[in-house]
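Notes follow the structure.
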Amino acid sequence: AMGSKKRKRGERATTHPRNKYSDNPPDFSLLASKYSTFAPYVFYSGDGRPRIDWTDFNATRELTRVLLHHDHGLNWWIPDGQLCPTVPNRSNYIHWIEDLLSSDIIPKVHADRNTAKGFDIGTGTNCIYPLLGASLLGWKFVGSDFTDVALEWAEKNVKSNPHISELIEIRRVNMENPASSSEELNDEPGKYGQCTDTDFDNGKAVVIGPSPPAHLQMHSGIGKGYGGPPILVGVVKDGEKFDFCMCNPPFFETIEEAGLNPKTSCGGTVQEMVCPGGESAFITRIIEDSVQLRQSFRWYTSMVGRKTNLKVLISKIWEVGATIVKTTEFVQGQTCRWGLAWSFLPASKKIVPSHVAEKNNLSFMLEGLQRHQSAFDVLQSVESYFRNMGASSKLDSASFKVDVTLSAEQCNSILKTQTQNGTDQDILISANCPSDKLNDMRLCVSVFQQIPGTLLVKGLLLQKEIPVPGVFSVIFQQLQEVLKSKFIVGIR
C-alpha cells in the first residue's frame with residue numbers, strides 16, 4: 001500500500017550527516033582517559049571493546065555530562081532519577097529543525113533578524129535542546145516547564161554556561177487546573193521509573209506531562225484527552241514570534257508501561273514520562289494550540305515514539321488546515337523515533353515523495369469489507385469520486401475498471417490544494433505550473449478480488465509523459481483515503 005514504503009535492502013535511516021557523531025561515535029576509552037569521573041563506568045568486553053552498563057543511571061548520566069563537556073564545551077548536571085538524554089540523538093532533532101528552517105518550502109518570514117528562535121516544550125532539568133541549539137547554532141530559546149526541580153536545574157544548567165546563557169530563557173508554566181489532591185496516583189508522584197531501551201535513546205525530560213489526574217478513569221477507557229498544564233497557549237506571550245517549537249512528549253500512559261523491559265536506566269519521574277492518553281493526547285493538544293497560534297510559529301514540531309500514532313496525528317494536522325506536514329525518522333542504535341513538523345504559513349513549493357512521483361502504476365489493498373460490499377460497489381465509488389472532482393469518468397463493468405480523464409486545469413487545482421507529506425528525498429514542484437505546459441491526464445483504475453473481504457485497487461497512468469510529477473500520486477492517495485473511510489471505518 002502507499003505510505004508504507006519499505007526500505008530497500010542495505011538502506012537504513014542513519015544519524016544526521018551534520019551530527020558530530022555520525023562518523024565518530026563516542027570513544028569511551030578516550031573519554032575515560034580524559035575524565036577520571038567517567039573511567040570507573042567503562043569496562044571492556046570479550047572482544048576488547050569499551051562498554052558501559054546502560055542499566056546504571058550514574059553511568060548514563062556521567063556519559064552525557066562528559067560528552068557535553070568534551071564535544072560541546074558545556075557544563076551540565078541533573079539530580080538523581082531525572083530523565084537523562086543521550087547527546088547524539090538530541091543532536092539529530094536539532095539538525096532536522098535546522099534543515100526545516102533552511103529549506104524554502106516555507107518562506108522565511110523573520111528576515112529582519114538572522115537568529116532563529118525556538119520554544120522547547122518541557123525542557124526538563126537537563127535543558128538539553130536549548131543548550132545544544134544555542135552552542136551548536138547560536139539559536140535563542142524559551143524553555144518551559146512547571147515542576148520546581150525542572151525549573152531550578154534548567155536555570156542552573158543555563159547559568160553554568162555564561163557564553164550562551166543570554167540566549168536562553170527558562171519560563172515557568174502556571175498550572176491553571178492542577179490535579180486535586182483527592183485524585184491520588186497508584187504510584188506516588190516522583191517515584192522514579194525505569195525507561196525501556198526505546199525511551200533511553202529518545203527520552204528527553206518531558207516534564208510537561210502532569211502526574212496523571214485521570215489515572216483511574218484511563219483504565220476504564222474514558223478520559224483519554226490531555227488534562228495537564230498549558231503547553232503553548234497560555235505560555236507563549238501575546239505578540240511573540242518563534243521560528244519553531246520542539247518537544248519530546250511523555251511517551252507513556254502509565255509508569256508501569258514506562259517500566260516494561262528495562263534494558264537501560266535513564267531515570268525519569270512520573271511527571272516526565274507519563275500523561276493520560278500518552279503521547280497521542282499530548283501531541284493532539286500541541287496541534288490544538290497550533291490552530292490558535294497559527295503563524296506565531298513558522299514550524300510546529302514534536303518527537304513521536306510510535307509509528308501507529310504518527311499516521312493518526314498526520315491526518316489530524318491536515319484536518320485543521322495546515323499547509324504542509326513533514327516527517328523524518330530518527331535512528332539511534334536499535335531505536336526508532338519519528339519527527340513530525342507542520343506549518344500554517346503558505347507553502348512556496350508543493351512536495352511529492354520522489355519514489356512515488358516517478359511511478360505510473362500504484363496500488364493499495366482494501367481489507368475487511370463486509371459480505372454485502374462487492375467489488376462493483378467499490379468501482380461505483382471510484383467513478384463517483386472522479387465525477388465529483390469534475391473529471392470525465394467511465395465505468396466498464398465487464399472488465400472491472402474505470403477510465404478517467406482529468407483536464408490540465410483540474411490537475412493544477414489539485415496540486416494547489418493538496419500538499420504531500422514529504423520525506424527527505426522530495427521532488428519540489430511549483431504550485432503554479434504555467435498552463436501551456438499542462439496536458440490532460442488519462443488513467444485507469446481497476447479492482448481485483450483477492451480473497452473474500454479483500455480487494456486490490458490498482459491505478460495505471462495511460463501516458464508516458466506526465467505534465468507535472470506527483471499529480472497522479474496525490475489523486476490516488478486521496479482515492480485510497482476516500483475508499484477506506486467509506487468501506488472500512490467502523491468494521492474492524
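The values are calculated or read from the model by the stated rules, or taken from the named source; none is laboratory data. For clarity, every value in this text was computed on a predicted model and none was experimentally measured. Glycine gets a Cβ as well: all are built from the backbone with ideal geometry, and neighbour counts include every protein chain shown. The accessibility values were calculated without ligands, DNA or RNA, using every heavy atom of the protein model including side chains. Shrake-Rupley method; radii C 1.70, N 1.55, O 1.52, S 1.80 Å.
In region 43-71, how many residues are open to solvent by less than 20 Å² (accessible area, probe 1.4 Å) and of a type outside the set (S, T, Y)? The number of residues fulfilling the criteria is 8. Kindly evaluate W96 against the criterion of being open to solvent by less than 70 Å² (accessible area, probe 1.4 Å) and among the aromatic types (F, W, Y). Against the criterion (open to solvent by less than 70 Å² (accessible area, probe 1.4 Å) and among the aromatic types (F, W, Y)), W96 qualifies.
Assess whether T115 counts as being on the phi < 0 side of the Ramachandran plot, in contact with a Phe, Trp or Tyr (Cβ under 9 Å, 6 or more places away or on another chain) and open to solvent by less than 20 Å² (accessible area, probe 1.4 Å). No; evaluated as a whole, the condition is false for this residue. For the condition buried (at least 18 other Cβ atoms within 10 Å of the Cβ) and either at pLDDT below 80 or in a strand (DSSP E or B) (or both), V474 does not qualify. Restricted to region 241-263, and to residues there that are under 26 Å from G133 (Cα atoms) and assigned to a loop (DSSP other than H, G, I, E, B), the residue that is modelled with the lowest pLDDT is F251. What is the number of the single condition among (1) crowded, with 24+ Cβ neighbours inside 10 Å; (2) of a type in the set (A, V, I, L, M, F, W, C); (3) within 22 Å of G228 (Cβ to Cβ) that A341 does not meet? Every condition holds for A341 apart from (3).
Residue-level analysis places G227 among those that are part of a loop (DSSP other than H, G, I, E, B), surrounded by fewer than 24 Cβ atoms within 10 Å (Cβ to Cβ) and at pLDDT 75 or above.
The numbered conditions (1) at pLDDT 85 or above; (2) in contact with a Phe, Trp or Tyr (Cβ under 9 Å, 6 or more places away or on another chain); (3) at positive phi are all true for G390 except (2). Here L83 passes the criteria (1) part of a loop (DSSP other than H, G, I, E, B); (2) open to solvent by 40 Å² or more (accessible area, probe 1.4 Å) except the one numbered (2).
Of (1) in contact (Cβ under 8 Å) with a residue 40 or more places away in the chain; (2) open to solvent by 10 Å² or more (accessible area, probe 1.4 Å); (3) at positive phi; (4) not acidic (D, E), G138 satisfies all except one. Which? Of everything listed in (1) in contact (Cβ under 8 Å) with a residue 40 or more places away in the chain; (2) open to solvent by 10 Å² or more (accessible area, probe 1.4 Å); (3) at positive phi; (4) not acidic (D, E), G138 misses just condition (1). Any residue that is closer than 30 Å to P229 by Cα, modelled with pLDDT under 90 and in a loop (DSSP other than H, G, I, E, B) - is there at least one of those in region 88-104? No, region 88-104 contains no residue that is closer than 30 Å to P229 by Cα, modelled with pLDDT under 90 and in a loop (DSSP other than H, G, I, E, B).
Filtering region 34-46 for residues that are modelled with pLDDT under 95, in a loop (DSSP other than H, G, I, E, B) and in contact with a strand residue (DSSP E or B) (Cβ under 8 Å, 6 or more places away or on another chain) leaves a non-empty set.
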